1. What ranking, highest mean first, results for peptides 408-418, 172-182 when packing means the other Cβ atoms within 10 Å averaged over each residue?
2. Say each of T37 and Y126 gets a label point 7 Å from the Cα, pointing the same way as Cα to Cβ; how far apart are those two points in nm?
3. Taking amide H atoms as placed 1.01 Å from N in the peptide plane, list the residues 5 or more away in sequence, or in a different chain, whose amide H sits under 5 Å from that of E255.
4. Over the stretch 1-160, what is the relative contact order in percent, taking alpha-carbon pairs closer than 8 angstrom and at least six residues apart?
5. Pull up the cross-link candidates among the aspartates and glutamates for K189, meaning alpha carbon to alpha carbon under 18 Å and not fewer than 8 places away within one chain.
6. Given a 1.4 angstrom probe, what's the average accessible area per residue across the chain, in square angstrom?
7. Rounded to the nearest 500 deg cm²/dmol, what is the calculated helix-only ellipticity per residue at 222 nm for the chain, with -39500 (n - 2.57) per DSSP H run of length n ≥ 4?
8. What is the chain's relative contact order, in percent, from Cα pairs under 8 angstrom and six or more apart in sequence?
Amino acid sequence: MLTVIRTAALIVGLFFTVGYLYQVFYVLVGLLKTPKTYEETKKYKYGVLISARNESAVIAQLIQSIKQQNYPKKLITVFVVADNCTDHTAEIARQAGAVVYERFNKEQVGKGYALDWLLKNIAKDYGEDAFDGYFVFDADNILDENYVAEMNKVFGSGYRVITSYRNSKNYGDNWISAGYALWFLREAKYINNARMMLGTSCAVSGTGFLVSREVFEKNGGWKHHLLTEDIEFSTDCIVQGERIGYCNSAIIYDEQPTTFKASWNQRLRWSKGFYQVFFNYGGKLCKNIFKKHSFAAYDMFMTIAPGVLLTLATFAIGIAGVIYALVNPVYMNVMVHSLTETVVFALGASYVTMFTLGLITTVTEWDQIHTRNWKKIAYLFTFPVYIMTYIPISLVALVKKIQWVPIQHNVVKTAGEIRQMQ
C-alpha cells in the first residue's frame, strides 16, 4: 500500500510537470522574442465602465487619470455604477466628471451584475451603438497617460477583446502586496505577452481590459456572474472561438491588499471561482481541445484545472495514507515519515520553481517595479511563500460557501508619483 501511495504521488507530480512544460516555452518566448508594434488606424469611441462600491477614497483619481489620457476627450465617456454604496462615491464621481448610475440590489451582488445593469442603462440612454468598445476598470486603478491610445492601436488591428499590462500602486507596502504585484507582472510579461506573440488567446485578469461593443451585443450584455467573472469571461470567449489580445505598452496600476485577512478572503473567492469555472466550462474546453484541436482551450484548461485537480489529488492521497496507517498501526511511523518526506520535497520544489519565476520577472521588469531596490530583492524570497498560502486557501474553498466581500482601497497616487517611488 505504501508503494501505491508513493506511486500515486509520483504520477500526480509527473502529470502536472508534463502538463505545464509549455509554460517554460512561454518564458523563453518572453525573454527572447520582441513584441509586435501596432500603428493607429483609426481613433475609436469608447465608454469606460467602472463598478464601485464605497470607493470614495480612490474613485476621483481614477477618473482624473482617464480624463488626462493622451487621446481625444470627446471620444471617451466615463460611466460609474455606484453599486449598493453607503458613502459619497456617486457624488464624488459626478464631481470628477463621470456619468453616474446608482444601483441598489442586495440579491444580485457582485461586479458582473453591476456591469450588466450599467450596460443596459447606457444602451437605453445613449443607444446600443453609441460606442465602439468599452474599457472595464476597478475603482482603485490608475492609468498611464498613454493607456487608451496604446490599447486603441491593438483594437484597430482587429482584436475584439484586449487585456493590458497590470502593474501595482503599492508593490513595496509589504510581502503580501508584493506577492500579488509580482504575480501579475509575471502573468503580463511571461504568459499573456507570450500568448500574444505566439498568436494564441490571452486571458483577462480582473481589471484593465477592452471589449468590443459587438461582443457585448452577441452575449446580451455582461452574462458572467460566477465568483471570478473575469476568468469566466475569458473561458467563455475561448470556448466561442474569440481570441483575446494583449497590449504590453498599455500600463494600468492596481492596488493590492496588505493584510493577510483581506488577502485570504479575496483569494478564497478566487479559488472558489476557479472551481466554479472548471465545473461549468471544463467539459466545453475539453471538447474544443479534442474536436477543434484548440491550443487556447488546452491553455485555459490548464489555467483553471490544476488548482482543482492538484488539491483533490493531494487531499485524496493524504487521506489514503492516514486511513492505511490507522488500520495498520505497525506502519504508522513509516507512513508518517513517507508523507512528511513527500510534503517537504513538494514544498521545496515549489519554492525553488516560484523563486526562479519571480527572479526572472524581477530582473526583466526591474524598472517597472516601483519601490526601493532592497525591497525588490527581499520580496523575491517571500514570493514563493505567498504563492504557497494558496494551498490552505484552495482546501478551504472546496468545502466553504463563499460570498463576494468588498475590499477597502485607500492608496491615492498619480501614475507619475508611482513611477517616482524608489
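The values are calculated or read from the model by the stated rules, or taken from the named source; none is laboratory data. All values derive from a computational prediction rather than experimental measurement. Neighbour counts run over all protein chains shown; Cβ positions are idealised from the backbone, glycine included. We work out accessible area using only protein heavy atoms, side chains counted, and drop any ligands, DNA or RNA first. Shrake-Rupley method; radii C 1.70, N 1.55, O 1.52, S 1.80 Å.
1. On the way: 408-418: 16.4, 172-182: 22.3.
The peptides rank, most packed first, as 172-182, 408-418.
2. Taking the simple label geometry, T37 and Y126 are separated by 3.2 nm.
3. K169
4. Worked out over the stretch 1-160, it gives 32 percent.
5. By straight Cα distance, K189 reaches D144, E150, D254, D299, E365, D367.
6. Working: 19180 Å² over 422 residues.
Ligands and nucleic acids excluded, the result is 45 Å² per residue.
7. Values: 17 runs with 238 residues, N = 422.
Value at 222 nm, helices only: -18000 deg cm²/dmol.
8. 20
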